[in-house]
Amino acid sequence: MSAMDTDNDEISVVLPSTTTSGLSIALHPLPILNISEHFIRLKLQKQKPLPFTLGALLGTQNGREVEIVNTFELALEGDEEAIDHSFLVNRRDQYKQVFPSLEFIGWYTVAPIPTSRHIGLHSQFTGYCSTPLLLILQPTANLVGSADGTRQNLPFKAYEQTIEIKDRTSRSVFVEASYNVETGEAERIAVDWTAKGGGSGTSLESHLQTQRAAVKMLHDRILVLIQYVTSVIAVEAPTDHGILRSISALLASLPASENKTFREEFNTESEDVQLTALLASLTKSTNILNDLVDKHTLLTASREDRYGGGGAARRTRLQMGGARLGDWH
């Protein structure tokens, strides 16, 4: 049984379909592909029909208009009931450096329906977003769609958290929000390329297939030689000195990669590369320090012009310092 499976007697945490969210959600193809790939990979790795899948949603939000653009996977701590917040923050900041306009807007998982466990996990994301979304992949859902595209026919459902007050008590529940799949020109090209098998028939694929066939042929012939030598050693095949001499000559013609001369040359080249990188780093640091000294000199000279006096000695010291810094070049 999956970690998300629940008893049938559990109280539903989703409001009836008559209640609407009011959110306008645009779902891009990349999150759909990422979530599907994440689920299939975990399913094959853990050999479970419905493994626990968890990730974050990235996008933009303007009022009640939400756009889901990208995703990344999340990690759990301990008994898989607490989010690894340090991992989440690091990954969010990394994506922020590459995509400054994208913000954390929610999370995704894989389950038939939202449960009380989702409510508990959902509360842990409120520190990163005031109203996080929940996007659920339902792999066992019966898809119902229409040809004109007016009805959703993807196994995804989006939910927004709200508060239900009933019998003078309140509880956190989910309300389903409708979404539309929105694609740009680049996304349509990428999805079409993926649907066609990654651009079959291209020159790159032809080149890779040729290389694979050559490597496979070489591997098969090496296995034949190994089997023959093994059989000769085990006295299971007649000894042919001509074939053995050919094999010995072939091995002797191969470049020796573990002798002393090769190791010395390799270490020398490796040290040269590391030294070049170190010198480049030192040069960059020296340039930064020179810029700092120039700015300090300019600032000090401006202050001396305003107040006067004592400038000659300070200029002499700065010039001496500049001369010492020049020795690094």
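Quantify, in whole percent, the carbon and sulfur part of the accessible surface of the stretch 58-103 (1.4 Å probe; protein heavy atoms only).
For the stretch 58-103, the apolar C and S fraction of the accessible surface comes to 47 percent.
Given a 1.4 Å probe and the protein chains all in place, what does the accessible area of residue 93 round to, in Å² to the nearest 10?
Spelled out: residue 93, probe radius 1.4 Å, area about 70 Å².
By the scheme Lys and Arg +1, Asp and Glu -1, what is the net charge of all other residues having a beta-carbon under 15 Å from that of residue 106?
Net of charged neighbours comes to -2.
I'd like the accessible area for residue 96, computed on protein heavy atoms only with a 1.4 Å probe and all protein chains in place. Round to 10 Å², please.
70 Å²
With r defined as the distance between the Cβ atoms of residue 87 and residue 269 and R0 fixed at 35 Å, what FRET efficiency is calculated, to the nearest 0.05?
Working from the Cβ atoms, E equals 0.40.
At a Förster distance of 41 Å, what's the computed FRET efficiency of residue 290 paired with residue 65, Cβ-Cβ distance as r, to 0.05?
Taking R0 as 41 Å, the efficiency between residue 290 and residue 65 is 0.25.
Classify the stretch 1-128: rounded, prolate or oblate, from the alpha-carbon gyration tensor (a ≥ b ≥ c, eigenvalue square roots; a/c under 1.5 rounded; otherwise prolate if a/b is larger than b/c)?
Taking the square roots of the gyration eigenvalues as a ≥ b ≥ c, the stretch 1-128 is oblate.
Can you pull the accessible area of residue 230 for me, 1.4 Å probe, Å² to the nearest 10?
Number for this one is 80 Å².
The values are calculated or read from the model by the stated rules, or taken from the named source; none is laboratory data. Quantities reported herein were computed from a predicted structural model and do not represent experimental measurements. Quick reminder, even Gly has a Cβ in these numbers, built from the backbone with ideal geometry, and neighbours come from all protein chains shown. The protein model used for the area step is the full one, side chains on, heavy atoms only, and it has no ligands, DNA or RNA in it. Shrake-Rupley method; radii C 1.70, N 1.55, O 1.52, S 1.80 Å.
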